[in-house]
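The block underneath contains the structure these notes are about, expressed in structure tokens.
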Amino acid sequence: MNCHRLSSLFSAYIDGELTGVEMIEIRNHLEGCPACRDELDNVRAVKRLVGRLRTAQPSRDLSTRICASLDGVAPYSFLRTWAALWQGTFRKLSPTAMAVSLAALGMVVYTARGIDEQITARANAPIVAAGPSLTMPVAITFNQPDSRNLRVVFANRGANNQPNRWIIPASD
Amino acid sequence: MELIESITDTCRKEERQAFDELVHRHHKQAYNIAYRMTGNHTDAEDLTQEAFIRAFRFFGQYRRELPFENWLYRIMSNVFVDMLRRRPKVQIRSFDQPIQTEDGEATMEIADLAPTPEESVLSNELDARIQSALMTMPEEFRLAVVYADIEGLSYEEIADAMRCSIGTVRSRLHRGRKILRERLKTYASG
């Protein structure tokens, strides 16, 4: 690495924010390069100068004023956001736009109908195979692309070093 | 219904009490950072106050397992940038950038700052010169230098506060310190 490239790393070097390899590379280079040693000393001196700036003091009553100013501030909440959205957007929608939005929402609900029953039915199905010990599932998929049986794969591994799994057959 | 309102009210009061305590505990540290960012007492107090107000508004989103000051710094950085946008007259221009005058192009020089009574607390000449040099830097370099050298944050924490990558922090610090070295040659030689 040349001096120019190395000097761009001096800041991170004095902050201890380089990798071990980079640190060693810089140290080796510094041993034989007085110009870079000077440069590094300058960067170090700048850091020291800024670091010794005195702590600026606020007015004595700043914290009291801040606390007083919070009296009129309402913490953010989702309910309030929705209320603002309702007032700011939906109430200004024309009847046609409102009808279109409601129809779109209805279609989403209609398309998703019955999904929860299917999930419950499969989860309640009898277990046909279980590993020796179980941890958190890492994947739940269908056993085969065209199968309705669920495959639950766990993080731990069995005797053959294969991940433990359950096969849950479809309820119908 | 009354019971729910009463419970909500109690929670709100407790949250407010907890936040007031955080204000008392961290306002001096926050002000110091704000002062180094803005370079003057009035803007520093405004920035501190605005940052706490915004923090209170979004207090529900604060993850309690993380240090409060780091979260506050992130808010302060945003408030500071907003402040500069709202008041372009305080935007800092690079000293290297020539300015157009009626008599043609001119370059700026650092003013020889004599401490004013308002700045009596920072009347030390060296302090004033360092602060003056900080103010000549682009604000993103200044923020990085202040967080690293005054607050002693790690690059990861600075990246989080400034919402940028660690590589960007590294480059901003390198360039920021280079500018400072030029401005403070007399004091920072070896």
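The values are calculated or read from the model by the stated rules, or taken from the named source; none is laboratory data. Here the structure is a predicted model, which is why all the values come from computation and not from measurement. Because the Cβ atoms are built from the backbone with ideal geometry, glycine has one as well, and the counts that use them run over all protein chains shown.
Working only within region B:135-146, note down all residues that are within 11 Å of chain A (Cβ to nearest Cβ) and touching a residue at least 60 places away in the same chain (Cβ under 8 Å). Of everything in region B:135-146, those that are within 11 Å of chain A (Cβ to nearest Cβ) and touching a residue at least 60 places away in the same chain (Cβ under 8 Å) turn out to be B:R142, B:V146.
Scanning region A:44-67 for residues that are at the interface with another protein chain (Cβ under 7 Å from one of its Cβ atoms), assigned to a helix (DSSP H, G or I) and under 18 Å from B:R129 (Cβ atoms) yields A:A45, A:V46, A:K47, A:L49, A:V50, A:G51. All told, A:F78 meets the bar of being modelled with pLDDT under 70, within 14 Å of chain B (Cβ to nearest Cβ) and farther than 30 Å from B:G39 by Cβ.
This table checks each residue for (1) surrounded by 13 or more Cβ atoms within 10 Å (Cβ to Cβ); (2) modelled with pLDDT of 75 or more; (3) in a strand (DSSP E or B).
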position: A:A84; (1), (2), (3): no, no, no
position: A:V108; (1), (2), (3): no, yes, no
position: A:D116; (1), (2), (3): no, no, no
position: A:V128; (1), (2), (3): no, no, no
position: A:D146; (1), (2), (3): no, no, no
position: A:N156; (1), (2), (3): yes, no, yes
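Residues being surrounded by 16 or more Cβ atoms within 10 Å (Cβ to Cβ), facing chain A (nearest Cβ under 7 Å) and more than 26 Å from B:Y62 (Cβ to Cβ) are entirely absent from region B:155-167. Residues in region A:15-28 that are closer than 12 Å to B:Y155 by Cα and assigned to a helix (DSSP H, G or I): 0 in all. For region A:1-14, taking the residues that are at the interface with chain B (Cβ under 9 Å from one of its Cβ atoms) and over 17 Å from B:L153 (Cα atoms), the one that is surrounded by the most Cβ atoms within 10 Å (Cβ to Cβ) is identified as A:F10. Take B:D20 and decide whether it is closer than 21 Å to A:G72 by Cβ, within 7 Å of another protein chain (Cβ to nearest Cβ) and not β-branched (V, I, T). Yes.
Only a single item in (1) assigned to a helix (DSSP H, G or I); (2) surrounded by 10 or more Cβ atoms within 10 Å (Cβ to Cβ); (3) of a type in the set (A, V, I, L, M); (4) modelled with pLDDT under 95 is not met by B:L66, and it is number (1). In this structure, B:S132 does not satisfy being at the interface with chain A (Cβ under 10 Å from one of its Cβ atoms), of a type in the set (S, T, Y), surrounded by fewer than 19 Cβ atoms within 10 Å (Cβ to Cβ) and part of a helix (DSSP H, G or I). When region B:14-51 is filtered for residues that are under 13 Å from the mean Cα position of the chain (by Cα) and either aromatic (F, W, Y) or assigned to a loop (DSSP other than H, G, I, E, B) (or both), the ones remaining, listed by number, are B:Y31, B:Y35, B:G39, B:N40. Does B:Y155 satisfy the condition of being free of Cβ contacts under 8 Å to residues at least 40 places away in the same chain and of a type in the set (F, W, Y)? Answer is yes for this residue.
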